[in-house]
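The values are calculated or read from the model by the stated rules, or taken from the named source; none is laboratory data. Since this is a predicted model, take the numbers as computed values, not measurements. When we count neighbours, we look across all protein chains shown, and the Cβ atoms used for this are built from the backbone with ideal geometry, even at glycine. Note: accessible area is taken over every heavy atom of the protein model, side chains too, but ligands, DNA and RNA are not part of it. Shrake-Rupley method; radii C 1.70, N 1.55, O 1.52, S 1.80 Å.
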Amino acid sequence: MSLLGILQAQAPPKQDATSTIQTLCLRLSTSTLLEDRRAAIMGLRSFAREYKETVASGGLRGLISTLSKDSEDVDTIKVVLETLLLLFVKDESNSESSEDIALWLTDEFTQKQENITVLIELVQDSDFYIRLYALQLLVAILNNRPSRTQECILTAPLGISRLVSALDDKRDAIRNEGILLIINLSNGHTDIQKLIAFENAFERMFSIIELEGGVDGGIIVQDCLQLLNNLLSFNVSNQSYFRETGCVPRLAKLFQFAQEPVPSYAKGQSDTNIEYAMRVCRLFVVPGGLGAAANQNAFFGAGILHLMLVIAFSGFSDFPVRAEALRTVADLIHENSLLQENFAQMKVQYLDPTILPEVQAQQNNPDDLCYVIEGLLDLALLNSSIHAFDARLAACRCLESYFAGNQPVRLHFLNHAINLHAQGDESANVLTCLINLDQDSRGDPYRVWLASVIFLHLIYSDEEAKNLATSFKEGDADAGEEVVTVIQSISANLVAALEHNYDPRIIIGYLMLLCTWLFEDSPAVDDFLNEASSVQSLVSTVKQSSNSNVLIQGLCAFFLGILYEFSHKDSPLPRATLHPILASRMGRDHYVNKVTKLRENPQVRDFEVFRETNRRKRKIGLPEVYFDHTFIDFLKDNYSRVLRAIDKDPGLETHNTINGIPHALNGISVELVDSLKAQLEDKDEELQKLQTTCLTLEQKITQEQHESQRTKEAAAAEVQKANAATEALRLQYDVELRATAQKARSEINGLEGQIQRTRWEASEAARKAKEYGDSEVAGLRRRVAESEAATEKEKAERAGEVQRAKAEGEKAIEEVTSRLHSAEKEALFAHESLRKSEEHARESDQRLKTSEEALKAANERIASLEEGSRRQKSEATILQEALTAAQSRLEECTKQQAASEAQIKDLETTLRALEASLIKEQSTHVRILHEAQESAAALEVRVKELDARLSDAEHARKEADEAAKQSAAELDDLFIVLGDLEEKREGDKVFFPFAVCEIYSG
Amino acid sequence: MPQPWDYIAKVVNIGDSGCGKSSLTIRLCEGRFNPTHDVTIGVEFGSRIIPVDTSPTAQKIKLQIWDTAGQESFRAITKSYFRGATGALLVYDISRRATFTHATEWLEELRGAADANISIILVGNKCDLGNDKREVPIEEARAWAEGNGIKAFVETSAKTGEGVEEAFVDCAREIYRNIKSGVYDLNDKSHGIKTNTAKTSLSMDEQTKVRGGCC
Ligand SMILES: Nc1nc2c(ncn2[C@@H]2O[C@H](COP(=O)(O)OP(=O)(O)OP(=O)(O)O)[C@@H](O)[C@H]2O)c(=O)[nH]1
Ligand SMILES: [Mg+2]
């Protein structure tokens, strides 16, 4: 019967589970027989679901140690892993389950490197379940303590490569679990990402994706793409590795699927996969990213730009996929002039924006092509479907990227739009959409809004484009038509929209465009101010109190601020007239309040956040998208300047340079002319001087630039070297540290062993000595007792004998004396028998003699007995001495024990010293690391200094340029004044020839 | 299978390394003492059921004791166990003043991570060491506890067992008082408090049975 069976048989049916579990845990940790351990583990597994806490607290260590102890026994290992997994499962309904248990389990693994190492080794096992369970455990552990687990796996020998090899498993379950594991493992750890990439992960991912059937391959393909995403996100090194190992064409291959209907059950997943794959593309071309240009070219070379456009303009693609494709296109061409030009030449499938996508798919005519720009404009401006919004926005971004950093493209586009509009062309046109605010565009407010945004990107910060746009006029004056500029048309539309309460998106679109256009452009401002009623309309909108839209009021106020800031005294509505309209009629505080409210509105303040969330939560109705990101940047950059504009005196003009020169003055004196002439010469000279200074400065700058470049490079090299050195040092110290720690640990272990041994030996010796001493003492005691008893007995005996002898003697004496008496009596009484008596007397004498002899002998015997007793006594003394000796020996033993204990103490001190040295070693290591980092930082500071010097120099040059420009302007002015004067003098000469002669001769 | 307790409460032991947190846990849960210092790696846990009063029908609280490591290097790990703790033993060593000074930092860390209603007990351990070794006077510790809003203070010896039961029982009772006065939302799983639903319903059955017998 198995152990469990026995236990169950013994247990009463309601036996306390806790004690059963405790018994099982005890068996697990103490049993020497594998069968017993296995039975205990099986028992624990059966409790693990319900009694997580009890099983974990008592059994976890034992279970984990089995993983290495019984690693040969597949069945046992399998059950152990199963039990551990059960302990990880969170179970809300179970009071014994808590997140802490899972966390504790995790820490038990991640705090002990060897436990993670064992798990990684199990992933190598050929058994299906062992492999799978080990992977699942690692995933659970990674989820609980990501960074700590990453470090452990990184430290484990061949950790990464062993885990990545699970991807090659032919069994899907294991392979898929492996993918999940690597996704978790690679999250946010650049070094691990690199190591995974070097394990051929890209190749492996693409093989799996292709095996699964590309983007139609289900969720596993999504996981693979997620993993690619993790490995490539903000990891420039992996990106170039990807590019250099020929993975771009394989990525491109994912997009080469047939443009045909996909069954609806598969569509959701395949669209998700396509979007994931596009997201992978976009990681390479994040605007402004390092290596973006190289990646753009590589992707273009692999045909990805073309494939994106095919998907974006396919009747079979849904709008979300089209939108993502267009966003990818936008990133692929952003600020790359070569690609921007190529882009304009590309053709796409023509889709009629006015018919439903479902119908479109059927009517598709593959030969019906148009230029991509036309397709984008059709989509952005004419497709009014609510589902199309993201795609329209993305189309708008494509155009923005097409313009970005490329003035020729912008001017070409603008010219083209102007020409087509002038010709009355029917195709989608930004300009037409801005100017014609008709029924259709009121029904689709984003038409004007998107047209405004596209136009904004065309003219933003581009003086030439602004001039081109400002100069275009409509209407044939000869035919009696009113001639109007674009600004005038737009302002008229804006006023109409404000008065009739059109959708706020229309108003905001126009205002965004006007604000950016008129900023720093006085001629454009003048153009707007030609129509004074527009200003009135803006002012009354700001003043409205009921039902007012904060965004619109704020924007109108902001725009009025721009108008005032860039107006001048000769504007159609001069500054001096404009100021009271704003400061009094509208009210200065009102203005400040509205502009501040705009700035504080979440749509403006948290625009960046909104942009991310907007895409996800889409309710019914129009999206809550009001602003363009470039406009928001513009608003935030210039907010405080425009806010303060109203406090500026009307006499102080900001900009007069474009509108130019003040008019000629009348009644000029000749002295003035002369002084002007002299001034002119001075200026000339000054100009000359400034130009040479400028030249030398320029030279100096170039030199400086060269030098700084060199220093920068050197510094960079140094930094790199320092970094490498730091890294090397770190590694070296790590190794040393580890080695030292190892050594110290083993030494400590040794010492501990030694201590243990010595302690044991000492106590053993002490014990033995004590035992020995004890027994000896006991023996001696016994002997002493014996001899004492003997002495006592003998003494008693002796005394009896003496007594007896004495009594005998006395009796004899008595007898003799009585006999003597009777003899004397006889002698007295009987004369006759004197002879007899004398004979008797002789006899008696004889007897007396013998008696005396007997007495003597008795006395002698007493003496000899006394001697014996003395001897016994001395023998006892000797025994006493032996006893003392034994006791002193015992004392010595005790001393020896004390000495051993002192030795133990010494060893412990050594141990502590070793630990201290370990700690010191660690701190030195940290210090060195710190120093290296400091030196790196110092180098960076130097680089920054050089940069600052460079910018100083450039600043100086700019100033010089400015001065030069100014003197040139002044020179021009003087020339004109001089010309006027000369002309005037020519006229004067006729009337006052004498005066002139006088002046000349004088 | 009904469990012999009515509530589970999560309690954490915190304090400097070597002040005796593990020793207190071992004394309470296993009734023994280990004179060597086995540094805790990360965290350990044990449990013990404590009746809230002396009557035989007293409700029972199972204290789930999380014994954390005091060493600085485990701070990041141990902190994640503070969350959801219902009670805490803040331990210092009366023979090492530094462990008492650090109590302030421990308390701060605990209050930052744990629930606002956590029941904290200040525990001065190793009181068997005698007055010549003492570096923290009782009065000072008590005053500090009061000053920092800690309701209970006790001195213990894991070695002799003195005060150990008392410390944990105090903690269990305060938790029980809090349960009864409705401080915790027992349905909120994030709390370190759980009710034994099986037991509660069972004991109600028993009550009705007893009452039935009386009538
Ligand atoms: N004399 C005495 N020694 C104690 C007492 N409690 C603990 N010790 C000793 O103090 C040392 C440290 O005890 P531990 O319980 O391991 O300390 P800890 O607080 O758990 O330490 P960490 O796990 O490192 O945080 C051990 O050598 C214990 O034997 C006590 O009450 N009296
Ligand atoms: Mg401990």
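Pairs A:806/A:856; A:920/B:133; B:10/B:62; B:21/B:79; B:151/B:180; B:21/B:126: which exceed 20 Å Cα-Cα? With Cα atoms farther than 20 Å apart: A:920/B:133. In the full protein context, chain B carries 47 Å² of accessible surface per residue, based on a 1.4 Å probe and ignoring ligands, DNA and RNA. Here the dipole of chain A is about 4140 debye; that uses its Cα centre as origin and unit charges on the Cβ of Lys and Arg (positive) and Asp and Glu (negative). With contacts taken as Cα pairs under 8 Å and at least 6 residues apart, the stretch A:439-668 reaches a relative contact order of 21 percent. Note on residue A:436/residue A:624: beta-carbon distance plugged into 1/(1 + (r/R0)^6) with R0 of 25 Å gives a FRET efficiency of 0.45. Springs between Cα atoms under 10 Å define the GNM used for chain B, and in it the highest mean-square fluctuation of B:137, B:35, B:51 occurs at B:35.
Modelled spin-label separation between residue A:415 and residue A:913, with each label point placed 7 Å from Cα along the Cα-to-Cβ direction: 9.0 nm. The listed residues A:42, A:205, once ranked by accessible area (1.4 Å probe) with the largest placed first, stand as A:42, A:205. Taking each residue as 0.36 nm, the span from residue A:50 to residue A:172 lengthens on full extension beyond its C-alpha to C-alpha distance by 40.8 nm.
Would you calculate, for chain A, the mean residue ellipticity at 222 nm contributed by helices, counting each DSSP H stretch of 4 or more residues as -39,500 (n - 2.57) and dividing by all residues, to the nearest 500? Mean residue ellipticity, 222 nm, calculated: -26000 deg cm²/dmol.
One chain, two ends: residue A:933 and residue A:759. Fully extended at 0.36 nm per residue, the span grows by 57.8 nm beyond their Cα-Cα distance. Label-to-label distance, residue A:847 versus residue A:155, with points set 7 angstrom from Cα along the beta-carbon direction: 11.8 nm. Length gained on full extension, residue A:751 to residue A:874, computed as 0.36 nm times the residue gap minus the Cα-Cα distance: 38.9 nm.
Once a ≥ b ≥ c are taken as the square roots of the eigenvalues of the Cα gyration tensor of the stretch A:382-444, is the result rounded (a/c under 1.5), prolate (a/b larger than b/c) or oblate (a/b not larger than b/c)? Note, shape of the stretch A:382-444 comes out oblate.
Taking one equal scatterer on every alpha-carbon of the stretch B:3-208, how large is log10 of I(q)/I(0) by Debye at q = 0.10, 0.16, 0.18 1/Å? The Debye formula, applied to the Cα set alone, gives -0.41, -1.02, -1.27. Which GluC sites (Glu not before Pro) from the stretch A:400-477 combine a DSSP loop assignment with at most 16 other Cβ atoms within 10 Å? Hits after loop and neighbour filter: A:426. Using a 7 Å offset from Cα along Cα-Cβ at residue A:700, what residues in the stretch A:952-980 end up with backbone N under 19 Å from the label point? Backbone N within reach: A:952-965. If R0 is taken as 41 Å, the Cβ-Cβ distance between residue A:775 and residue A:797 corresponds to a FRET efficiency of 0.80. The A-B contact accounts for roughly 2000 square angstrom of buried accessible surface, both chains included, probe 1.4 angstrom. Backbone amide hydrogens, once placed in the peptide plane, bring residue B:91 within less than 5 Å of B:14, B:15, B:123, excluding anything fewer than 5 places away on its chain. Here is the list for the stretch A:504-594: trypsin sites (Lys or Arg not before Pro) lying in DSSP coil, each with at most 16 other C-beta atoms within 10 angstrom of its C-beta, are A:569. In plain terms, the C-alpha convex hull of the stretch A:313-416 casts an average shadow of 6.1 nm² when viewed from every direction. The residues of the stretch A:221-280 expose, per residue, 43 Å² of accessible area to a 1.4 Å probe. Note on exposure: A:199, A:814 ranked by accessible area (1.4 Å probe, complete protein assembly) read A:814, A:199, with the most exposed listed first. Among A:934, A:335, the sequence by solvent-accessible area, most first, with a 1.4 Å probe is A:335, A:934.
Counting only other chain Cβ atoms within 10 Å of each residue's Cβ, the peptide B:47-53 averages 1. A dipole drawn for the protein assembly as shown from +1 and -1 charges on Cβ atoms has a positive end, and of A:434, A:300, A:695 the residue lying farthest that way is A:300. Charges were assigned to the Cβ only: +1 to each Lys and Arg, -1 to each Asp and Glu. The resulting dipole of the stretch A:439-668 about its Cα centre is roughly 1260 debye. Straight-line reach from residue A:636: taking Cα to Cα under 30 Å and skipping same-chain neighbours fewer than 8 places apart, the lysines in range are A:466, A:543, A:569, A:594, A:597, A:617, A:619, A:648, A:944, A:958.
Of the residues A:516, A:386, A:270, the one whose Cα sits farthest towards the positive end of the charge dipole of chain A is A:270 (charges of +1 on Lys and Arg Cβ, -1 on Asp and Glu Cβ, taken about the Cα centre).
Annotation: aspartates and glutamates with alpha-carbon distance below 15 angstrom to residue A:768 (same-chain offsets under eight excluded): A:776, A:891, A:892. Pair-distance distribution of the protein assembly as shown: all C-alpha pairs, bin width 10 Å, starting at 0; shares per bin in whole percent are 1, 6, 10, 11, 12, 12, 11, 9, 6, 4, 3, 3, 2, 2, 1, 1, 1, 1, 1, 0, 0, 0, 0, 0. Note on residue A:282/residue A:352: beta-carbon distance plugged into 1/(1 + (r/R0)^6) with R0 of 22 Å gives a FRET efficiency of 0.15.
Using only the Cα atoms of the stretch A:259-375, build the gyration tensor, take square roots of its eigenvalues as a ≥ b ≥ c, and label the shape rounded, prolate or oblate: rounded if a/c is under 1.5, else prolate if a/b is larger than b/c, else oblate. Oblate shape, in that a/c is at least 1.5 and b/c is the bigger or equal ratio. Solvent-accessible area of residue A:447, all protein chains in place: 40 Å² (probe radius 1.4 Å, heavy atoms, ligands and nucleic acids excluded).
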